[in-house]
1. Within segment 23-41, which residues are surrounded by 22 or more Cβ atoms within 10 Å (Cβ to Cβ) and in contact with a Pro (Cβ under 9 Å, 6 or more places away or on another chain)?
2. Residue by residue through segment 339-389, note down the ones that are buried (at least 19 other Cβ atoms within 10 Å of the Cβ) and not in a helix (DSSP H, G or I).
3. Scanning for something crowded, with 20+ Cβ neighbours inside 10 Å, touching a residue at least 24 places away in the same chain (Cβ under 8 Å), under 22 Å from Pro37 (Cβ atoms) and not aliphatic (A, V, I, L, M), does segment 202-222 turn up at least one residue?
4. Filter segment 155-201 down to the residues that are among the hydroxyl-bearing types (Ser, Thr, Tyr) and surrounded by fewer than 19 Cβ atoms within 10 Å (Cβ to Cβ) and list them by number.
5. Which pairs do you get when a residue that is without any contact (Cβ under 8 Å) to a residue 60 or more places away in the chain and over 15 Å from Val192 (Cβ atoms), found in segment 30-51, comes within reach of a residue that is assigned to a helix (DSSP H, G or I) and among the charged types (D, E, K, R), reach meaning Cβ atoms under 8 angstrom, with the pair 6+ apart or on two chains?
6. Restricting to segment 56-102, name every residue that is in a loop (DSSP other than H, G, I, E, B) and closer than 22 Å to Phe209 by Cα.
7. If Leu288 passes every condition in (1) outside any helix (DSSP H, G or I); (2) without any contact (Cβ under 8 Å) to a residue 12 or more places away in the chain but one, which one does it miss?
8. Name the residue, out of Gly334, Gly406, Gly393, that is under 22 Å from the mean Cα position of the chain (by Cα), closer than 22 Å to Tyr26 by Cβ and assigned to a helix (DSSP H, G or I).
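Just so it is clear, none of the values below were taken in a lab; they were calculated from the coordinates. Fair warning: this is a prediction, and the values are worked out from it, not measured in the lab. Neighbour counts are summed over all protein chains in view; Cβ atoms, including those assigned to glycine, are modelled from backbone coordinates with ideal geometry.
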Amino acid sequence: MKTSKSLKWWQWETLLVTMGGYALYYVIRKNLSIAMPLLGDIGVSKVQLGAFLTCGGIVYGVGRFLNGIVADRNSARKVMSTGLFICSAVNLLFGFSDFVVLGGAAPVVSGGAAAASALVWTMGVVWIVNQYFQGMGVGPCIKTLPKWFPPEELSTKQSIWNLSHSVGAGAVFALCGWLLIPSFHSWRLCFVVPAAIAALGGVAVLFLFKDAPEDVGLSLGEAGSVPSAKTKDAAAQKEDDGYRAYVSRNVFRNPNVWIIAIADFFVYTVRFAALDWGIVLLMETKGLSLASATTLCFVFEILGGNLGMVVAGWATDRFFGSRAHRTSVICMAGAALALLAFWRVPASAPFVLKLLPFMMVGFFIYGPQALLGVATTQQATPRAAGVAGGFVGIFSYASTILSGIGFGFVAQNWGWNAAYATVLSAAVIGGAVLTLMWSAPASRQPA
């Protein structure tokens with residue numbers, strides 16, 4: 001006989017499987033960041049690396065949207081595992097792209113400009129393909145969690161699930177930066193080994209993932225059910241026009257949603273600049289080895305990021321009356337100060353003086369990264385939260401234009417000090433934009 005104890009076990013099993021599965025997507029998405037310092041040895045410039053990040057980020061945003069539709073119409077279990085298999089294969093291809101183009105692992109310089117250009121184009125296209133299918137990771141999770149958890153538990157469980165971002169990024173930093181490259185000094189290991197791990201994870205997801213309680217003979221109850229489009233009756237169909245008007249008023253004509261979207265562009269600029277360029281930045285401006293730079297990035301994600309999300313959420317309810325946007329303003333000010341402090345730390349300073357401010361950047365920037373999603377729901381109302389979240393997400397991943405190719409162009413042409421100033425300016429602007437809605441209530445009444 002199925003009991004509430006059985007349901008609780010399967011709820012936690014589902015939460016952990018979705019977290020693990022999505023963390024593996026990060027392992028085969030953020031591995032490029034660790035390999036970037038060595039890709040320069042085979043002829044890839046900072047501007048070209050930035051172009052990889054920018055094009056990949058934009059394609060990832062599109063992939064999230066289109067693959068979200070695929071996930072809605074198919075088994076979340078099959079979509080998530082299929083995405084891991086595809087991305088694993090693409091990572092494997094990226095890892096051997098120089099063999100494919102050059103017929104061997106010889107340096108690009110021996111093949112001339114034509115070979116260098118062919119290799120860069122091959123890598124770029126392969127990475128963009130990877131980013132598109134990375135969009136198969138989040139949709140299944142968003143679709144599945146509401147089926148397993150009732151509304152009164154969903155926010156807490158989704159906050160826990162959100163830790164998978166930092167867990168995945170931290171895991172790939174540890175794997176590649178501590179174990180693979182320092183031992184073998186081979187950039188390709190950052191793609192081949194994670195690909196194998198993610199493929200094994202895809203098998204585990206295929207067998208352990210459960211789409212809904214009904215798959216194991218349980219029922220969450222009416223509160224947790226998600227009606228499908230096929231169950232709509234005629235009355236519900238007539239409400240479609242009203243819903244479109246509702247979304248228009250509460251999302252596209254809501255100035256607070258626009259403020260959040262624009263601010264999120266700058267929040268993600270800071271986050272992606274630190275996450276994607278962190279290894280290169282730390283090695284070239286702070287004189288760190290690859291292993292030491294990896295340690296700072298690991299601490300940035302695992303300790304700074306996770307702790308920052310938890311503290312920011314607690315502070316929002318404890319001190320700011322659940323006004324997530326107010327907490328985000330304070331966090332952006334903290335991120336700017338931490339960035340300034342880290343920038344001014346000399347390369348000759350002790351390791352701990354480099355670690356602490358960099359960790360605090362993660363602590364402060366991950367607060368808004370999590371809270372602005374909450375603020376979006378608060379200001380757009382729960383009924384329009386899905387559309388509002390997708391709208392804000394466009395701005396979030398458009399930030400790779402600045403954090404990717406923009407950052408690489410600035411660093412290559414004007415130096416790292418100019419790159420630091422660019423990220424610091426993004427933090428200041430993001431916080432300033434959010435102050436425009438400081439007086440907004442915690443939750444907006446539907447218009």
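1. The answer is Leu24, Val27, Ile28, Asn31.
2. Answer for segment 339-389, where residues must be buried (at least 19 other Cβ atoms within 10 Å of the Cβ) and not in a helix (DSSP H, G or I): just Thr381.
3. Taking every residue of segment 202-222 in turn, none turns out to be crowded, with 20+ Cβ neighbours inside 10 Å, touching a residue at least 24 places away in the same chain (Cβ under 8 Å), under 22 Å from Pro37 (Cβ atoms) and not aliphatic (A, V, I, L, M).
4. Result: Ser155, Thr156, Ser159, Ser183, Ser186.
5. Cβ pairs passing all conditions: Gly40/Lys46.
6. Asn74, Ser75, listed by residue number.
7. Answer for Leu288: the failing condition is (2).
8. Gly393
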